Amino acid sequence: MISAIVAYVTIGPFQHFPPVGWVDSGIYTGYFRHFSWMIHRYGATYFASRWPYIFPGWLIYRVFPAWAANAVFSAGWLSALLVGLRGLCRPALPAWVRKWTLVLFGCSPLVVAMVTRAYPDGAVAGIGLLGLILVRRGMVSDGGARLLTLAGAALMTVALLTQPGSLCMMAPMGLGLLLAVPPTDRRSSLLTTLIWGGVGALVTLIVYLAIVYEITGVGNWFGLMYSACCQNSRGAQYRWDISLWIFSATRICFVLLVLTAGLLTLLTFARGCPDPLRRFLAGSVMSTALSAALLVLSDTAMDMSLIQSSHYASYILPATATLLGAVLACWGHRLTLRDRVLGSIVVLFLATAGVALLMLATSDMPQESVFFPMTDLACAAAVVLAVVGCRRAPQTLRLGVVVLLVLALLPVGSISADTRHVFGGPGRSSGSTYIMLLTAADEIDEVVGERPVLFWFDRQGFNRALTHPLPGATVPNRQVFPLRFGPTRYDLNALDTLSAFYLWDQSRTMDQLPA
């Protein structure tokens, strides 16, 4: 199943390039292209310190051409996410529910965006999930428990050091895991798990910092990361007003609806389900709720911008996926084999056709369009109807309400403004532009060699050519990315992506040509 999902995402209607204008993604791509040169030229940066993400990308770029390297890189991290999710769900969920959950998670545009935007969130989430699996196995294993716990803690520490925002995923899911594992299944005490996990984390921290020092020449990793975190907090430098983004971010509605369905299921008819399933449902509800609470608190108490940034808010998706799987298992644990097969066929057909139609219909809609909040309300009403129906419907209609729940969640997990770039197609693909930029960078490298690179371009003039083209001109759409820093708004474009290959702010002389 995992191989089929990865193959579909790799060769299906998705593109494996970040949106044009995303500076951080361009910077990571620059490290993938010339890791040692970037270190030598620009020294220690917090980008360079994320070697668990950069080093595999650098290896893949050395083996494959750019157009294939991105697909291989994305497929690898998607596989890690799916293996991790399957391992967490396997002890409690029946096989048919695990397959539904993997398909709904792995083929979701929200998850495809995680692994294709050349940002560490998808990779870090995959590493963290694999670590959680090993820790769980260490808790229930008769032999090798210490080694499994050490390895799991090491992976989770690597994920945390690579992207500290992953704490919003791993801490809640770890607590949910403790609740989900029955005491009778535990072979290691909580204290033993914590001790050996702490040893693994400490050893990993020392090794991680040693590698950062070897790469960058700077031993103070905390200083590198602290300066980056300060730019994203205590001043709201990157924050947008909530009214400017909330209505098109249907990904938030997706999480809220799954959490609502999970809470109602836990409080009502979950009592008739097997004990392992009930515990797993309770743990998933807790982990999803705590992840959401941490994201909200970070933005409200620390003036950060995690919720509005899809590459940070994505850390709530793994917990949401386990919760969705638990809800489906509770709703459908009495379905016959015939109903399960029929439901799978109906959902796959309608999901494929429906998501494609939704993306086509909304591809050029402005983010402030009333269509998006209206879609949220319609999906919320359908979820409420499904919950009520599953509570009261006779067994003969149980399949219908299970399918209704899944279909009600698909739009809010597909048409968010943050996921539009993952679909390819004429007029909407940023992949062709990205390949052109990589080709241009190769030509620049041949001419410049080891010398410093400085860019001098007219950003506003280029943006006007994109947003208001001359009659008869054909330009790719949605390739101007707005970024706010303090009181200034930047409308970034392909030229910013090109300069980002050379660390962006350190490779530009001016944003505008002189008059």
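Put simply, the amide H of residue 423, placed in the peptide plane, has neighbours under 5 Å in 15, leaving out anything fewer than 5 places away on its chain.
Projecting label points 7 angstrom from Cα along Cα→Cβ for residue 388 and residue 333 puts them 2.6 nm apart.
In nm, give the distance between the simple-model label positions of residue 505 and residue 440, each being 7 Å from the Cα along the Cα-to-Cβ direction. Going from the residue 505 label point to the residue 440 one covers 2.3 nm. Averaging Cα coordinates gives a centre for region 243-282 and one for region 6-50; these two points are 34 Å apart. Full extension of the chain segment joining residue 195 with residue 380 gains 62.2 nm, where the gain is 0.36 nm per residue of separation less the Cα-Cα distance.
Given a Förster distance of 25 angstrom, what is the FRET efficiency for residue 206 paired with residue 179, based on the Cβ-Cβ distance and rounded to 0.05? Mind showing how you got there, number by number?
Values: r = 31 Å, r/R0 = 1.26.
With R0 = 25 Å, the Cβ-Cβ based efficiency is 0.20.
Sparsely packed loop sites in region 304-349 (the trypsin sites (Lys or Arg not before Pro) outside DSSP H, G, I, E and B with at most 13 other Cβ atoms within 10 Å) comprise 334. Gyration tensor over the Cα atoms of the chain: the corresponding equivalent ellipsoid has semi-axes (square roots of 5 times the eigenvalues, largest first) of 38, 29, 20 Å.
Scalar couplings 3J(HN,Hα) for region 498-504, obtained by applying the Karplus form with A = 6.51, B = -1.76, C = 1.60 to θ = phi - 60°, are 4, 5, 5, 4, 10, 6, 6 Hz; x denotes Gly and Pro. Taking amide hydrogens as modeled 1.01 Å from N in the peptide plane, which residues meet the under 5 Å criterion relative to residue 490, leaving out close sequence neighbours? For residue 490, the qualifying residues are 483, 484, 485.
Each helix, a run of at least 4 DSSP H residues, gives -39500 (n - 2.57); summed and divided by the residues of the chain, these come to -21500 deg cm²/dmol at 222 nm.
Just tell me, in residue order, which DSSP H segments of the chain are both 20 angstrom or longer along the helix axis (alpha-carbon based) and at least 0.5 in mean Kyte-Doolittle hydropathy.
Working: long enough: 66-89 (35 Å, 1.29); 121-140 (29 Å, 1.39); 145-162 (26 Å, 1.72); 190-216 (38 Å, 1.86); 250-267 (26 Å, 2.20); 275-301 (38 Å, 0.83); 317-332 (22 Å, 1.52); 337-362 (37 Å, 1.70); 371-392 (31 Å, 1.40); 431-448 (25 Å, 0.70).
Membrane-span-like by this criterion, though nothing is claimed about a membrane: 66-89, 121-140, 145-162, 190-216, 250-267, 275-301, 317-332, 337-362, 371-392, 431-448.
Each value in this text was obtained by applying a stated rule to the coordinates, not by laboratory testing. Because the structure is predicted, anything quoted here is derived from the model rather than measured. No Cβ is skipped: glycine too gets one built from the backbone with ideal geometry, and neighbour counts run over all protein chains shown.
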